[in-house]
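Since the structure comes first, as structure tokens, the remarks are kept for the end.
The values are calculated or read from the model by the stated rules, or taken from the named source; none is laboratory data. Please read these numbers as outputs of a predicted model, since none were measured by experiment. Here the Cβ is made from the backbone with ideal geometry for all residues, glycine too, and neighbour counts use every protein chain on show. Surface areas here come from the heavy atoms of the whole protein model, side chains and all, with no ligands, DNA or RNA. Shrake-Rupley method; radii C 1.70, N 1.55, O 1.52, S 1.80 Å.
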Amino acid sequence: MGVDNFSEQDWAYAYGTPQATGVFKHCVEDFVVKEDLGFELSDSGEHVCVKIRKKGVGTAHIVKTLAQHLSVKERDIGYAGLKDRQGICEQWFSLYVGKNRDVDLTPILGEQIELLDTKRNERKIRRGSHKGNIFEIRLRNVHGSREALEERLQAIAREGVPNYFGEQRFGFGNSNIEQALKLFRGELRLRPGFKRGMLLSAARSFLFNEILSARVQGNTWNQYLDGDVLNLQGSHSVFVPEQWDETLQQRLLEHDIHPTGALWGKGKYKASADCAALEQALVEQYAELRDGLLKFGLEHDRRSLRLLIDNLQWQLTETELLLQFSLPSGAYATTVLREVLALN
């Protein structure tokens, strides 16, 4: 697969290519996301935190609107993650306004922006600081075997899905990868900041997805491969086992630990043996991306290859599929959906 013409459909499916089809995001009401911060706000401090329900607008639009309304800089507005424009999404924003300033958002409220809650906090809400998100997704015009779809959903609920980065990470028409290559070639100059970070993340995510796809094809995305670095479920902690044994195998089967894939960058590379050989051979095929990430100083990290879906529930009718589930921070709903249906 070429780095300039890839599609997410090229990456391997854990349960085979979906045969059923359905329409995704027919209208904004079909995609509902509720952010789970996972921590309590202090109720005091220089940051006013507002919980907003947005409809049909993106997170960046909300940030810009808040900054203009409050006459503050966009960098003084914090949020835990980007939420889709095409949907109804609830999320928290922190506004650095000082201890003595009150915030009135009434002039900007309406059908697209609704204020749900307000609290003060000592700190800015940082990217990735939330626990996760709760999704309710309605897929319409569903076609295909209902029996096969039920079996597929049961397998996904039981075993999870490959933890791919979602297609939105790569931009419309994979433009983020194209711009990342220009950045690495010196054809595009960007100061450190959000856009440059987004392009670097896209390049690293592409390499990760390539590694994960190879592990799916080899049926080792949820199995131990000699030399693997393992992730503890529900955390960012990783470890290298001194020796693989029955106890670790049982923990793997019980979803307490997961194999990981490389998030390429500089620093200590912990994988070895078969795992390292696979990863390094794949990344060698995309040397321009690999070398660019090293040049720009990204730190090497690991990401779980397996994504477990919490509280997956579904209702299937003749024409529609309603899904409800929770995902941790950094995981993508589209990664789950791609294993369920071929989306139109």
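Looking across Glu318, Glu339, Glu284, one residue alone is at pLDDT below 95 and charged (D, E, K, R). It is Glu318. With the condition being more than 20 Å from Gly218 (Cβ to Cβ) and open to solvent by 50 Å² or more (accessible area, probe 1.4 Å), I'd like the helices (runs of 4 or more DSSP H) fully within region 266-342 carrying at least 1 qualifying residues. So the answer is 287-295. Among the residues of region 237-265, those identified as assigned to a loop (DSSP other than H, G, I, E, B) and farther than 20 Å from Phe206 by Cα are Ser237, Val240, Pro241, Glu242, Gln243, Trp244, Asp245, Glu254, His255, Asp256. Among the residues in region 292-306, are any touching a helix residue (DSSP H, G or I) at 6+ places or on another chain (Cβ under 7 Å) and under 30 Å from Phe31 (Cβ atoms)? Yes, the conditions are met somewhere in region 292-306. At least 2 residues being in contact (Cβ under 8 Å) with a residue 60 or more places away in the chain and open to solvent by less than 50 Å² (accessible area, probe 1.4 Å) is the threshold, and among the strands (runs of 3 or more DSSP E) wholly inside region 35-145 those reaching it are 47-55, 113-121, 132-143. Taken together, the residues in region 160-195 that are touching a residue at least 24 places away in the same chain (Cβ under 8 Å) and either in a loop (DSSP other than H, G, I, E, B) or open to solvent by less than 60 Å² (accessible area, probe 1.4 Å) (or both) amount to 16.
Every condition in (1) open to solvent by less than 50 Å² (accessible area, probe 1.4 Å); (2) part of a helix (DSSP H, G or I) is met by Asp228 except one, and the failing one is (2).
Right, Glu29: assigned to a strand (DSSP E or B) and either among the hydroxyl-bearing types (Ser, Thr, Tyr) or at negative phi (or both) or not? It is false that Glu29 is assigned to a strand (DSSP E or B) and either among the hydroxyl-bearing types (Ser, Thr, Tyr) or at negative phi (or both).
Considering only residues in region 231-265 that are closer than 18 Å to Tyr164 by Cα and open to solvent by 70 Å² or more (accessible area, probe 1.4 Å), the one that is modelled with the highest pLDDT turns out to be Gln233.
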